[in-house]
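Data first, discussion second: the structure below is written as structure tokens.
The values are calculated or read from the model by the stated rules, or taken from the named source; none is laboratory data. Since this is a predicted model, take the numbers as computed values, not measurements. Neighbour counts are summed over all protein chains in view; Cβ atoms, including those assigned to glycine, are modelled from backbone coordinates with ideal geometry.
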Amino acid sequence: MASSWPDWAYNNTYGVEIIPAAAYENMTAALPECRTKLANCRKIANELDPDENGRNFEVNAVCTEAYGFCFGATQTPYLETGVSIPEPLVVLSTS
């Protein structure tokens with residue numbers, strides 16, 4: 001899901017640019033690191049918490065860091081605009 005946020009917010013099929021170009025570039029530039037962090041989370045979770053109990057401190061730390069990085073890099077710039085998720089579609093339908 002994180003990988004779709006930059007395009008949805010800037011380079012979408014509706015032609016609505018919710019975020020500035022610089023934010024889009026920063027968001028897309030962060031995606032490789034986000035994917036790496038998420039892959040590391042899945043790997044360590046499979047190794048140390050295969051039953052998905054959620055009680056392994058090391059797994060929780062790695063996955064929390066991955067989530068924080070990915071959310072911050074790919075969703076926060078959009079959320080900071082104050083535009084709610086369905087709003088671009090409302091703008092298009094009323095224009």
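General observations
- Taking first residues from the stretch 38-53 that are under 11 Å from ALA66 (Cβ atoms) and partners that are of a type in the set (D, E, K, R), the Cβ contacts under 8 Å between residues at least 6 apart in sequence or on separate chains come to ILE44/GLU58; ALA45/GLU52.
- Residue that is farthest from CYS34 (Cα to Cα), among those in the stretch 1-23 that are of a type in the set (A, V, I, L, M), in contact (Cβ under 8 Å) with a residue 60 or more places away in the chain and assigned to a helix (DSSP H, G or I): ALA9
Listed here are the residues, each with its yes/no results for (1) within 25 Å of ASP7 (Cβ to Cβ); (2) out of contact with any Asp or Glu (no Cβ under 6 Å at 6 or more places or on another chain); (3) of a type in the set (D, E, K, R); (4) surrounded by 16 or more Cβ atoms within 10 Å (Cβ to Cβ).
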residue: THR28; (1), (2), (3), (4): yes, yes, no, yes
residue: ALA39; (1), (2), (3), (4): yes, yes, no, no
residue: ARG42; (1), (2), (3), (4): yes, yes, yes, no
residue: PHE57; (1), (2), (3), (4): no, yes, no, no
residue: ALA61; (1), (2), (3), (4): no, yes, no, no
residue: ALA66; (1), (2), (3), (4): yes, yes, no, yes
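- Checking TYR10 against (1) in contact with an Asp or Glu (Cβ under 7 Å, 6 or more places away or on another chain); (2) more than 14 Å from PRO77 (Cα to Cα), the condition it does not meet: (2)
- Conditions (1) more than 11 Å from the chain's Cα centre (by Cα); (2) at pLDDT 95 or above; number of the one not met by GLY82: (2)
- Residue that is farthest from VAL83 (Cα to Cα) [pool: residues in the stretch 1-49 that are of a type in the set (D, E, K, R) and modelled with pLDDT of 90 or more]: GLU47
- Yes/no for GLU52 being assigned to a loop (DSSP other than H, G, I, E, B), modelled with pLDDT of 90 or more and exposed (fewer than 13 other Cβ atoms within 10 Å of the Cβ): yes
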